[in-house]
Amino acid sequence: MVRQVDGTGKADGGIRPLSDPLSEAMQARARDAVNMVREALEKRQVMLAYQPVVQAARPDRPAFYEGLIRVLDSAGRVIPANDFIDSVEQDELGRRLDCLALEMGLEALSSVPGLRLAINMSARSIGYRPWLQVLERGLQRDPTTAERLILEITEKSAITMPEVVQAFMSDLQSRGIAFALDDFGAGYTAFRHLRDLYFDILKIDGQFIRGIHANPDNQALTRALISVARHFDMVTIAESVESAHDARFLADIGVDCMQGYHFGAPTLAPRWLEAASKRAVAG
C-alpha cells in the first residue's frame, strides 16, 4: 500500500493499493482469450481434434476416440483448449462451445457407423436448452448414437452440483449414453461422490501418470485409484501416457485403457474421418 501525497509533498491521508503487474497481465490474457473465443464462435472457426484411447491389452486397437475442442485464431492457427477454457468455463461462451463440440461429435458418429466417441462437457451445460436440443436432434437422427456416445465431465465441474449431475446422468444412461469422470485426482477428489455419481469410466489425471514407471509415490496412488474404480465397476483410463515404459507399467498393474501421445496425438483429420468424407462426396 502507498500513501497518496498532494502537490505540497504532504500526505493527504488517502491510501491506494499498488498495482499488481502479474494480476493485470493475467486479467489481460483472460480478456484476450474471451475475445478470441467469441470471434471464433461468430466465424464458426471451431473444430474437434481426435485422440485415440487404446485398450491396455490391445494397444494397437483404439477402444474409442476423444473429441477435443480446438479454436482457430484470426490467422487460422489452432489454439488448444487449455489456453482458453478456464476463461470461458463460467460464461455463456463455454456453453456455446459445449454445444458446438457436441454437434460436431454427433455428426462424426452419424458419418462413421462403427465409431465410438467421447465429447467433453461442463456440468453447467446440463440445464442449457440449446445443448439439450443439439443432443436430442442427434439421438433422433441416428438411433445407434446413444450407445456410441460418451460424455466426459471433469471432476472439478461434477462436484459443484452433484445432485443435478446425478439426475442428468441417470436419465441419459437409461438411454444408452456412457459417462466418464475426467481428470480424476486433479486436486478436487471427493471419494464420497463416486458412491453417488455412477460414472461408467474413471480417467486418472495425468499428474499421476507421467513418468509413473520411476515414481513409487504415483505408483501407489494409481494402484489405489484403480482399486477404487474396480469397487465401483468403472473402467479405468490412464491419461497422458507418453512413454513405452509408462505404458508397460500401467498395463501390468491392471489399468483398462490408456490415452496419450505415446499412442497418438490429437489430430483434426483422422483417417476414418477422411474416409467418411470421401464416401459422402462419392455418394
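As a proxy for reagent exposure, ARG223, ARG148, ARG271 were ordered by neighbouring Cβ count within 10 angstrom, fewest first; the result is ARG271, ARG223, ARG148.
In region 74-113, what trypsin sites (Lys or Arg not before Pro) fall in a loop by DSSP, with at most 16 other Cβ atoms inside 10 Å? Filter output for region 74-113: ARG77.
Would you list ILE159, ILE209 from fewest to most Cβ contacts within 10 Å? Numbers along the way, then the final one.
Numbers: ILE159 18, ILE209 27.
The most exposed by this proxy come first: ILE159, ILE209.
Sorting TRP131, TRP272 by the number of Cβ atoms found within 10 Å of their own Cβ, with the fewest placed first, yields TRP272, TRP131.
Each eigenvalue of the Cα gyration tensor of the chain, multiplied by 5 and square-rooted, gives one semi-axis; in descending order these are 37, 26, 20 Å. Here the 3J(HN,Hα) profile of region 45-55, calculated from phi with Karplus coefficients 6.51, -1.76 and 1.60 at θ = phi - 60°, is 9, 10, 9, 10, 9, 10, 10, x, 10, 9, 6 Hz, Gly and Pro shown as x. Look at where the Cα atoms of region 231-263 and of region 140-182 average out, and the two centres are 22 Å apart.
Below 8 Å between Cα atoms, with a sequence gap of 6+, how large is the relative contact order for the chain in percent? Before the final figure, lay out the partial values.
Details: 452 pairs, mean separation 46.7, N = 283.
RCO, the chain: 17 percent.
Ranking HIS193, ALA214, SER243 by Cα position along the charge dipole of region 179-283, where only Lys, Arg, Asp and Glu carry charges on their C-beta atoms, puts SER243 farthest toward the positive end.
Every number here is computed from the coordinates shown, using simple stated rules; none is lab data. These numbers were taken from a predicted model, which means no experiment stands behind them. Virtual Cβ from ideal backbone geometry, glycine too; neighbours counted across all protein chains shown.
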